[in-house]
Every structure is written in C-alpha cells, then in structure tokens.
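The values are calculated or read from the model by the stated rules, or taken from the named source; none is laboratory data. The shown structure was predicted, so the numbers you read here are calculated from the model rather than taken from an experiment. Backbone-built Cβ (ideal geometry, glycine too); neighbour counts: all protein chains shown.
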Amino acid sequence: MKKMKKLKYVFALAAVMAIGAGFLIKRTEVTDAVGEGLSVCGEILIPSLFPFMALSSFALNSGVFAKTERFAAPFMNKLFRLPGICFSAVFFGFIGGYPVGARMIAQMYETGSITKNRAKRMFSFCVNAGPAFIVTAAGGMMLGSQKAGYVMLVAVLLSSLIVGTVYSLFSFKDENIKNPRHTENLKFSDALSSSIVSATDGILSVCGWVLAFSAVSGLVRPFIGSETAVCIFDALSEVTSGITEAVKIGGIPFAAAAISFGGICVMCQLLPSIKKCGIKISEYMLFRIVNAAVTYIITWIILRFVDISVSVSSPAPVLWSYSAPSSAALLMMCAVMILEAGNKYNTAKKCKA
C-alpha cells in the first residue's frame, strides 16, 4: 500500500511537471485559449447564469416558492412522482442553467427536505442549460440563427421532461424522511444579501473551471492530428466552445446533444453538489448520456419539418467591448465582493445571536 501511494505521488508529480512544461512550450496557444475563455465568461456565462443563480438562491432562502408547493404537488406527483416542495428546484433546473438546479437540489438534500433517492432522480433531468444560453448564445451568437436556438431549446426541455417522467416510472417508493432539519426562512433583506454572495461564489467557480479547461484545451489541441478528433474533444470537454465544433461533426442535432450532455467542465462545476447528494459520477454521466441521446433524436425529428441554415464561420457578435484584463478585473472584484459581503453577513448574524 505504501508503495502504491508513493507511485501515485510520483505519477502526480510527473504529470504536474509535464503539464507545466507544456504550458511553457505552448504558451502562445494556452494564452490565446485562456483569453477566449475570459471572453466566454464575460460575454456569455456571467450574463446568462448570474441573474438566475441569485434569483434561485433568493427564492430558496426567502421561501417565496413555499406557497406554490400545495398547487404544484398534483402536477409534480403525477409527472415525476415528486412532492410539491421540489417544484422550485425543477423550475430553476429547467430555466436557470447547469449549476442552478444542481445547487438547489443539494441544498434541499442537506436540509433534509428530500431523500437521496429523490435527489438522484432530480439530477437525472434538472441539470439543463438555460434559455438565455441556448437561444441567445448558442443559437444567435455561435450558430448565427436564433431559430436554431429555439429548436435546440425545445429539444433539450422535451428530453428532460421525457427522461424525468420515464425514470419516475421505474423508481421505488421513497422512504419517509426522518427528523428533517427545518430551517427558518430569512428576511427578504438577509435573503437578498445571502443570494448575491452565493451567486457570486458560484459564478466564480464556473468561470474558474472554464478557464482551467480553456488552458488544457490550448495545450492539448496542437497535439491532436485529426480535425474531427479536435471537434469531438471540444464538444465533450467544454460545451461553450464545443458547440460550433459539434455542428461541424453532426449538424444542429449533435450541437443540441452536446448542450444536453454539458461536457466534462460542467460535471466538474457540479461535483460539490453531486457529492453532497451521494450520487456516483458514473450515475451522473449515464443521466447526461441518456439526455443527450434523447435530445439528438428530438432535434433530428424537428428538423424533418423545419428548415434551418446555420453559419459557424462568421464571427459571433459581441455583447459589449471586451478585453482580457477587464474580464480578469471583473472576476477579482467578484472575489473581493464575496469576502466583504460574507464577512458583513456573518457579523450581522453574530450580532443578532
């Protein structure tokens, strides 16, 4: 066992040194890739994710969705075999973006509001790209066609509904929740402060993973000989930069499937939430593969009746002027904001206590 541990650290050290050497040798490619990653964060991810992350956190902490649980219970029970309390996580999982639904599911599981089985079932269909990302960014900016964005959005949402409904049919009856930890809803002012801190922390994590994968992509791509292999690597690793590559391989259906799959980068963003719920990585990957396959089929069927042309060669329009230093400064200010707001919020709680 000791020898195995030593070998593990030796391999890890060798890998770190090899990657560091690669960053130096391919510094131009890596720098360009990270710059593109900053552009993606500033122009696509922050505008499309941050508002929904803050809104979902506020809804959960303030309890504004509590009144809807009784009305949503029949619908949730018949369609997904879930209680009404899960409505908020399902709702934001469909419209908020990849991390939003996952974070809400994990928070509900931690407070004892849902069982592990229910959390697992919700992870099978509540991890989706938001409409702003699919229609505006993927469709309008990357493919030059918002019409294509709407088709992909319909396919992704229908896929999640189908997977969630079918999976519920094969699920055993949930056990009763024992000793749930009831948490009091925060005042609106406290819930707002907490939600902004939580959303800023979340968006920093998302952008950090995107930049990390951008650097790795800039290092790996020059060593991949086949253009098709490069396209597959981009589509499977980081979805934001892989959508246009996915279209080159299999058209709009493959791009929609890549969005539904999410990529390895999204999986890394969700790892804290996945681990909190005790879900295996293999189970999560199976969920995403099934969703991607169903999305591909639905998109292919829709395109039999709708004629759409896309352009992946034209430069995508920008939402605002961009520079790498300004995006880096924005991320730094977000980090400072987390520390400052978090300290003030904790101090206020101590004073109340």
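A few notes on this one:
- Failed criterion for Leu158 (all others in (1) within 23 Å of the chain's Cα centre (by Cα); (2) at pLDDT below 80; (3) of a type outside the set (Asp, Glu) hold): (2)
- Residue within region 255-264 that is of a type in the set (Val, Ile, Thr), buried (at least 21 other Cβ atoms within 10 Å of the Cβ) and within 23 Å of Ser39 (Cβ to Cβ) present: yes
- Output for region 254-296, where each listed residue is of a type in the set (A, V, I, L, M) and without any contact (Cβ under 8 Å) to a residue 24 or more places away in the chain: Met267, Leu271, Ile281, Met285, Leu286
- The criterion of at least 2 residues that are more than 21 Å from the chain's Cα centre (by Cα) and surrounded by fewer than 24 Cβ atoms within 10 Å (Cβ to Cβ) is met by the following helices (runs of 4 or more DSSP H) wholly inside region 39-145: 69-80.
- Odd one out for Pro272, checked against (1) at pLDDT 90 or above; (2) surrounded by fewer than 18 Cβ atoms within 10 Å (Cβ to Cβ); (3) within 18 Å of Phe213 (Cβ to Cβ): (1)
- Residues being farther than 13 Å from Pro99 by Cα and in a helix (DSSP H, G or I) - total across region 187-207: 10
- Hey, Ala14 out of contact with any helix residue (DSSP H, G or I) (no Cβ under 8 Å at 6 or more places or on another chain), within 30 Å of Ser205 (Cα to Cα), surrounded by 10 or more Cβ atoms within 10 Å (Cβ to Cβ) and free of Cβ contacts under 8 Å to residues at least 12 places away in the same chain or not: yes
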